[in-house]
Every structure is written in C-alpha cells, then in structure tokens.
Amino acid sequence: MKLTRPIQFITIFLIVFGLANLVDATRSSKTYTESFPAVVCPPTLAGLSSQISLGSTKTQFQRLQDKTAKTSAVKLLRLPVIADSLLVNSEVTTPVVWQSRAGRWGGAALCVGPVTSQWFVGASADVTTRARLVIINSGLSDSIVDIQAFSENGKQQLQTITVKAKNYSVIAVDTFAPGDQALALLVEPQSGRVNSFMIDEQGQGLRSIGGDLVNSVSSASKSLTIPAIPTQKPVRGQTNSQGHTIRVLTPGQVDADVTVEVLSADGVFIPVGLNSRLISAGQVTEFALKPEVSAEAFAIRITATEPIVAAVKSRITASGKSDYVWSTPAPELSESTMAITGLSPLVVFAGDQINVSIDLTLVNGKTVTKSVVGNDVATWRPPASARTLTITKVKKGSFAGAIVTSVNGIGYFPFAIGSELAKIEIPD
C-alpha cells in the first residue's frame, strides 16, 4: 500500500508528459502553400498606348477595377492595354510594359508585385514638365500612402493621400515641388497592396522634348550599378548633341562622398571631377557625365560613404526624333525570367567578370542556349523572335539592363524579379 501512491503519481506524470510532447509534435507539424503574387502593370493614360510582353498565352490576368476576381487568359504574347491597370499572374516570369506617345517618346518598365517603398529619381517640376505619378491600390481596402519629395532646394513637405480599393490615383509631379528642376520621390504605403509608376514627359508649347517611364528602386544604398546607358555617335557634319546627366540624392542627415566609375568596352575609369565628390544631404544634385566610349552602351558604378539613390538621364535621337531615357540602378543579377516579346532589346551586362548562361525561348516554342562572357561590360541582342529570356547561371557581382528602341522613342528597364515566391502557413 505504501508504494501505491508513488506509482500512481509517476504513472500520471508520465502520461501528462507524453501528451504534452504529442501536442508539441502536432503543433510543430505545419503545412504551407507557396505561390507567386500577381504583379501589377500601369494603366494607359489618355493619349498613350501600352503593350505588355508576356511569356505565355495562358497567362491569367484581370482588370484592376473589375468587381470580381475572375481572371482570363491573355491569349497573346504582347497584350495591348486600352486603359485600366492590369493584375497579371505571371508566376516566375516578369512582364515588361512598353508605353509610348505616338511620334514623340517611348519607355519601358517592369510589372512588379506590391512593395513597401519605391524611390523614383527622375522628372522635374518646372514649366516644361508634364510628368505624372500613378499610384495603384490593387487590394480590397483603401490604402493610405505617404509621398516624400526632394529637390535641389531640399526636402519638401510630406504629402499623404488615400487611394480607394482596386483603383489608382494620378498626381501631377509639379505639385510636389513647384518650379524645381531636379526631383526624387519616395512613395511609402502605410497599408494596402500598393504599386507606383512614374511617367516623365517634357514639352514647350506644342513641341515635345521627349519622355520616358522611370523605373524605381526599393531603397537607398552605398553601392549602385546602372548597367545600361545608351551612347550615340554624332551624324557626319554635326556636333554631338547627346548629353548624360547623373542625378544623386543622399536622403539621410549626413553628406556623402561619391565616386563614379565608368565601365565600358574601353575599360574602367573615373571621369575627371567624379572622384570623391561631395553630395549635400537632403538635396538633389546633378552633374554632367561625358565619357569617351566607343561602344553603343556603357555602365557606371557609384560608391558612396552614405546610402544614396541615383539615375542617369541621357538625351538621344531615336528614329530621327529627340528623346531621352532614364537609366536606373539594377539589383545584382540572379536566376530569373524576363518576358521580351516584341521588344528586341540590347541587353547590357556589367561586372568585373561576366559569365552568364541564358535559355532563350522563341515565339515558336523552341529554346536556344546562349553564353555571354566578358569583363566590365558585355552586350548582346536576342533575335526579334525571342519570347522569354531566362538567366540559368550567373557569376556573382553581375548586373544587367536593357535598352529598347522603337519608332516612337527609346526606353530602358533593369533586370529584376517582378514577383518573389511567397510562403503562407495553412491553419490547422
């Protein structure tokens, strides 16, 4: 009888301990679902035309302002966009949108998933500007978005707007810093599924000066690579009217020392005056870039003592018309797929040692394998029949961008992933 109670106690303890371990084991056995969130493409504003390059005719899409979530197959490899912004379930493939104003300008941008912040380095707010910022809310509830502008006159007043669910707002860029010439905008949503796009246009009276889509970057950095900047030789008997302008902002509280290296087929060099140049904090700074390079494109690498954002504006003549293009930083190149149907881009790779393996899918379904190797800068133009370009292998420290030329103008887009794989836990 004396041993009965201790034995009972030990038995009960072991049962409780075993049940606790069973519960822990059950809780630790979790299941997940993985998917690529839909990417968002910009709307087509009045007077513009748009086409989205896609990787498959079976790609599903829906119009932003549709009341239902029903999707349809695109049925085309290059989808015209009449007006509304589109949500595209493109999976691993990043669609590229081409927008243009007939006979005046053209520009390219990536269709991307929602992001927590976007920096736009481009456009102006002076009398020549017709630039607009398009903020898209693809979520099911209203979104509140903060817009912080910087110019050559410093940090501007913060503006906050509300964007209705499954809708978009178009804001004239000159409202952020009226009269100022050099702008950089930070768009930060407080809530919601938000994307933004910038359309930069300039004109004097009825005369068009050009235009472009300005691609964004997610954050400031101490090291930036802009991999594809177009060059153009002057026509015989004419002076070189081309010009490059670097626009830089240090958004923090401390000034930055900035060094600019040119990467070209002629080698790597630092232009005169661009070694350890001081950039005042909070003020957008511009300076001319006039490299002597022989190839049709070059790259720059910018290093700074403080995080910065930057872009390069290049004036170019395309199809006999004056235009300009904004080249923006690209993230480090990784395994990814870009849709390039109908674009015929000049692809520019930048890095100390370039070694990239590519699978190119043509519109007829055939796949071609290509390798691009080189030092500093390497260029390659896929055939006009190319549908998708897949990076299958890449050496660390490489970057890539593309230059697109059409009858309307010239544009640029960086090689980046539009939609990252999302992992969501399935509740028990």
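I'd like the carbon and sulfur percentage of the solvent accessible area for the range 310-428, probe radius 1.4 Å, heavy atoms only, ligands and nucleic acids excluded.
50 percent
Work out the charge dipole of the chain with +1 on the Cβ of Lys and Arg and -1 on the Cβ of Asp and Glu about the Cα centre, then indicate which of 64, 110, 46 is farthest towards its positive end.
64
If amide H atoms are built 1.01 Å from N in the plane of the peptide, which residues on other chains or at least 5 residues away come under 5 Å of the amide H of residue 281?
Those lying under 5 Å, H to H, from residue 281 are 255, 256.
Among 150, 171, 121, which residue has its Cα furthest toward the positive end of the charge dipole of the chain, with +1 on Lys/Arg Cβ and -1 on Asp/Glu Cβ?
171
Counting only residues 5 or more places away or on other chains, whose amide H sits under 5 Å from the amide H of residue 415 once H atoms are built in the peptide plane?
Distant-sequence amide H within range of residue 415: 400, 401, 402.
Quick check: net charge around residue 144, other residues with Cβ under 15 Å of its Cβ, Lys/Arg +1 and Asp/Glu -1?
That sum, taken over residues with Cβ under 15 Å, equals -1.
Which three semi-axes in whole Å describe the equivalent ellipsoid of the range 53-104, each the square root of 5 times a Cα gyration tensor eigenvalue, listed largest first?
20, 15, 9
Return the label of the correct value of P(r) over Cα pairs in 20 Å bins from 0, in percent, as calculated from the structure shown, out of [x] 20, 35, 24, 16, 5, 0; [y] 25, 54, 14, 6, 2, 0; [z] 25, 51, 20, 4, 0.
[y]
Between 307, 329, 43, where does the largest GNM mean-square fluctuation fall for the chain, given springs only between Cα atoms within less than 10 Å?
Ranking 307, 329, 43 by mean-square fluctuation puts 307 first.
Just want to confirm a number: the relative contact order over the chain, from Cα pairs under 8 angstrom separated by 6+ residues, in percent.
Contact order relative to length: 18 percent.
Have a look at 194, 377, 254 and tell me which one the Gaussian network model of the chain (Cα, springs below 10 Å) gives the largest fluctuation.
Largest GNM mean-square fluctuation: 254.
What list of ³J(HN,Hα) values in whole Hz, one per residue of the range 100-115 in order, does the Karplus curve 6.51 cos²θ - 1.76 cosθ + 1.60 (θ = phi - 60°) give from phi, with Gly and Pro shown as x?
Using θ = phi - 60°, the values come out as 7, 10, 3, x, 10, 7, x, x, 10, 8, 8, 7, 10, x, x, 9 Hz.
Run the quick spin-label model on residue 116 and residue 75: label points 7 Å from Cα toward the beta carbon, then report their separation in nm to one decimal.
Calculated label separation equals 4.1 nm.
With a 1.4 Å probe and every protein chain left in place, work out the accessible area per residue of the chain in Å², rounded to a whole number.
The answer is 46 Å² per residue.
With +1 on the Cβ of every Lys and Arg and -1 on the Cβ of every Asp and Glu, and nothing else charged, how large is the dipole of the range 197-321 about its Cα centre, in debye rounded to the nearest 20?
380 debye
With θ taken as phi - 60° and the coefficients 6.51, -1.76 and 1.60, list the Karplus ³J(HN,Hα) couplings across the range 292-302 in order, rounded to whole Hz; mark glycine and proline as x.
9, 10, 9, 7, 7, 7, 9, 10, 10, 10, 10
Counting pairs of alpha carbon atoms under 8 Å apart in space and at least six apart in sequence, what relative contact order in percent does the range 298-366 give?
It comes to 21 percent, rounded to a whole number.
How large is the dipole of the chain about the Cα centre if only Lys and Arg carry +1 and Asp and Glu carry -1, each at its Cβ, rounded to the nearest 20 debye?
Roughly 1160 debye, rounded to the nearest 20.
Which net charge results for the neighbourhood of residue 123, defined as the other residues with beta-carbon distances under 14 angstrom from its beta-carbon, given Lys and Arg at +1 and Asp and Glu at -1?
Surrounding charge for residue 123 is -4.
If you place +1 on the Cβ of every Lys and Arg and -1 on the Cβ of every Asp and Glu, how big does the dipole about the Cα centre of the range 84-212 come out, in debye to the nearest 20?
280 debye
Going toward the positive end of the dipole of the chain, with +1 on Lys and Arg Cβ and -1 on Asp and Glu Cβ, which of 383, 252, 159 do you reach last?
383
Beyond a 32 Å Cα-Cα separation, which of these cross-linked pairs lie in this structure: 164/396; 70/313; 366/395; 58/233?
Distance filter (> 32 Å) returns 164/396; 70/313; 58/233.
Under a 5 Å amide H to amide H cut-off, with H placed in plane at 1.01 Å, what residues pair with residue 395 once short-range neighbours are removed?
Residues meeting the criterion, in which the H sits 1.01 Å from N, are 355.
Please determine, in degrees from 0 to 90 and to the nearest 10, the orientation of helix 4-28 with respect to the longest principal axis defined by the Cα atoms of the chain, where the helix direction is its Cα long axis.
20 degrees
Add -39500 (n - 2.57) for each DSSP H run of 4 or more in the chain, then divide by its residues: what number comes out at 222 nm, to the nearest 500 deg cm²/dmol?
For the chain, the value works out to -2000 deg cm²/dmol.
Once phi is turned into θ = phi - 60°, what whole-Hz ³J(HN,Hα) does the Karplus curve with 6.51, -1.76 and 1.60 give for every residue of the range 149-163, x standing for Gly and Pro?
9, 10, 9, 5, 9, x, 6, 9, 5, 5, 10, 10, 10, 10, 10
The values are calculated or read from the model by the stated rules, or taken from the named source; none is laboratory data. Quantities reported herein were computed from a predicted structural model and do not represent experimental measurements. All Cβ positions, glycine included, derive from the backbone under ideal geometry; neighbour counts span all protein chains shown. The accessibility values were calculated without ligands, DNA or RNA, using every heavy atom of the protein model including side chains. Shrake-Rupley method; radii C 1.70, N 1.55, O 1.52, S 1.80 Å.
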